[in-house]
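Below is one structure; the comments refer to it alone.
The values are calculated or read from the model by the stated rules, or taken from the named source; none is laboratory data. Just so you know, these numbers come straight off a predicted model, no measurement behind them. Note that we place each Cβ from the backbone using ideal geometry, even for glycine, and neighbour counts take in every protein chain shown.
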Amino acid sequence: MSIIEVRDLYRDYVTKKGVVFPKKEVIHAVSGITFDVKEGEIFGLLGQNGAGKSTTIKILITMLAPTSGECRVLGYNTYGEEKKIRHRINFIFGGELGVYRRLSARDNLRYFANLYKLPMGDRDKRIDELLELVGLSDKADLRTETYSKGMIQKVQIARGLINNPEILFMDEPTVGLDPLAAQTLRNIIRLLKEQGKTILLTTHNMYEVDELCDRVAIINKGKIVTLDTPNNIKAQMEENEEIQKHLEQVKLKEAENLSRITLEEAYIQLVRSSVDKEAKNES
């Protein structure tokens, strides 16, 4: 069952270029993408900076209106029926935004619980459960300004789960985290999947995608280059002659490693091919 449905989605921005005689310029952030996300799935959006990942996320969480196309979450249109969606979803952005640093983790969660109108009788119990989930029970009453980046990101996760959402959108959640903190976050994501949550994840981390995602859409310049499971994407690219030449040139200690392609290599080749194809079409 598809819980997110995107059909021929476009999002344009109009900017002014030039100082003396500024001219309007249309930027195509998202250019006709189509995909579905199934219930209980971890779905990855993979792409470089400016590829359109964050714009897509913002449309899905009802922060932006699409220029055209159809975008439905939980059966409702993200533009026009957003009030039927918002209380059933939540989002987590990477970095340290979204947390009030002069408040403790517990007070941050109380604030957001009140915004979501959680019943007072359930609020504190829910907060305690989330603090335990992210491993902050013993630091819950310290100001978050004393926290490390990894701890702040744990508060972000708890905040994103405060309303027990059916879908959690995560935009580069491990950005800036050290390897240990990033691994802890990935473990929490796996646990959320086991609890039946649907997760849409954007990231630059190839290892993260390979480890977590059921399916991946690689997006470049607002268009989807390919959509499949990580293993299928790698298998398809292993048949690519350029990739094979590259693998043959790499000196590895274990000969069997020469026959395997990484998701990062597949991604780079797909993006390069997409750029070359677009350049040929324009010429």
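Among the candidates Lys24, Lys16, Lys58, the residue that is among the charged types (D, E, K, R), surrounded by fewer than 22 Cβ atoms within 10 Å (Cβ to Cβ), assigned by TED's automatic domain parsing to the domain that holds Leu191 and not in a loop (DSSP other than H, G, I, E, B) is uniquely Lys58. Selection of the range 61-93 for residues being surrounded by 20 or more Cβ atoms within 10 Å (Cβ to Cβ) and in contact with a Leu (Cβ under 9 Å, 6 or more places away or on another chain) yields Pro66, Cys71, Val73, Thr78, Ile85, Ile89, Asn90, Phe91, Ile92. Return yes or no: is Gly150 in contact (Cβ under 8 Å) with a residue 40 or more places away in the chain and in contact with a helix residue (DSSP H, G or I) (Cβ under 9 Å, 6 or more places away or on another chain)? Here the answer is no, as Gly150 does not meet what is asked.
Here the condition is being buried (at least 19 other Cβ atoms within 10 Å of the Cβ), under 19 Å from Ala105 (Cα atoms) and among the aliphatic types (A, V, I, L, M); of Leu185, Leu133, it holds for Leu185 alone.
A residue that is farther than 29 Å from Lys53 by Cβ, part of a helix (DSSP H, G or I), assigned by TED's automatic domain parsing to the domain that holds Leu45 and at pLDDT 90 or above cannot be found anywhere in the range 154-170. Applying the selection to the range 213-237, what residues are part of a helix (DSSP H, G or I) and either without any contact (Cβ under 8 Å) to a residue 24 or more places away in the chain or in contact with a helix residue (DSSP H, G or I) (Cβ under 7 Å, 6 or more places away or on another chain) (or both)? Listed by number, the residues that qualify are Pro230, Asn231, Asn232, Ile233, Lys234, Ala235, Met237.
Evaluate the following for Tyr76: is it aromatic (Phe, Trp, Tyr) and either modelled with pLDDT of 95 or more or at positive phi (or both)? Spelling it out, Tyr76 is indeed aromatic (Phe, Trp, Tyr) and either modelled with pLDDT of 95 or more or at positive phi (or both).
For the range 113-131, the criterion of being in a loop (DSSP other than H, G, I, E, B), touching a residue at least 60 places away in the same chain (Cβ under 8 Å) and in the same structural domain as Glu194 (by TED's automatic domain parsing) is met by no residue.
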